[in-house]
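Read the structure below first, then the notes.
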Amino acid sequence: MGLFSFIKSAGKKLGIGADDEAPDAEAVKKELASHDLGTDKVDVAVVDDKVVLTGVVKDQSAFEKVVIAVGNTLGISKVEAGELKIADTPSAAPVAAKEPVFYTVKKGDNLWKIAEAHYGKGKGAKHTVIFEANKPMLTHPDKIYPGQVLRIPDLA
């Protein structure tokens with residue numbers, strides 16, 4: 001775990017470079033901060049078309065959101081997060097994240113279909129769980145696009 005693949009030609013464009021050109025680390029850090037995920041202890045480096053994340057986030061949800069927030073950026077094909085840790089408790093050292101479940105949107109997908117595919121037939125109404133899990137990167141349930149990567153949370 002720790003290296004996640006994304007579609008380089010899909011996502012939000014940052015900066016003024018060519019479409020297939022990865023943004024610089026400062027632009028990625030600024031975009032990440034705009035989502036207000038508590039990333040003040042996260043460092044960002046860009047190597048070719050890969051973002052390398054290090055540091056500490058507050059929980060598993062923040063870990064997954066950080067990965068998809070930077071991965072769904074035009075020009076980025078990989079996110080390395082093996083050194084991005086989760087703060088456990090104030091008295092304990094940060095711990096590694098568990099393996100997240102991500103889904104890459106395909107043409108014709110909608111959140112209802114994705115929910116049924118992951119949670120089972122008849123559970124399309126759980127699409128709201130997927131939508132909520134991808135906020136603030138998603139602003140409306142109908143605004144997903146092919147190539148976008150979404151986090152699929154457990155139905156705990």
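The values are calculated or read from the model by the stated rules, or taken from the named source; none is laboratory data. Source: prediction; values computed, not measured. Note that we place each Cβ from the backbone using ideal geometry, even for glycine, and neighbour counts take in every protein chain shown.
When residues in the stretch 130-156 are screened for being of a type outside the set (D, E, K, R) and more than 24 Å from S34 (Cβ to Cβ), 2 of them pass.
This table checks each residue for (1) assigned to a loop (DSSP other than H, G, I, E, B); (2) among the hydrophobic types (A, V, I, L, M, F, W, C); (3) modelled with pLDDT of 95 or more; (4) within 23 Å of P23 (Cα to Cα).
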{"residue": "V70", "(1), (2), (3), (4)": "no, yes, no, yes"}
{"residue": "K85", "(1), (2), (3), (4)": "no, no, no, no"}
{"residue": "K98", "(1), (2), (3), (4)": "yes, no, no, no"}
{"residue": "K113", "(1), (2), (3), (4)": "no, no, yes, no"}
{"residue": "K121", "(1), (2), (3), (4)": "yes, no, no, no"}
{"residue": "T139", "(1), (2), (3), (4)": "yes, no, no, yes"}
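Filter the stretch 58-90 down to the residues that are over 16 Å from E31 (Cα atoms) and among the hydrophobic types (A, V, I, L, M, F, W, C), then identify the one that is nearest to the chain's Cα centre (by Cα). Here the residue is A81. For the stretch 121-147, the tally of residues that are among the charged types (D, E, K, R) and in contact with a Lys or Arg (Cβ under 7 Å, 6 or more places away or on another chain) stands at 0.
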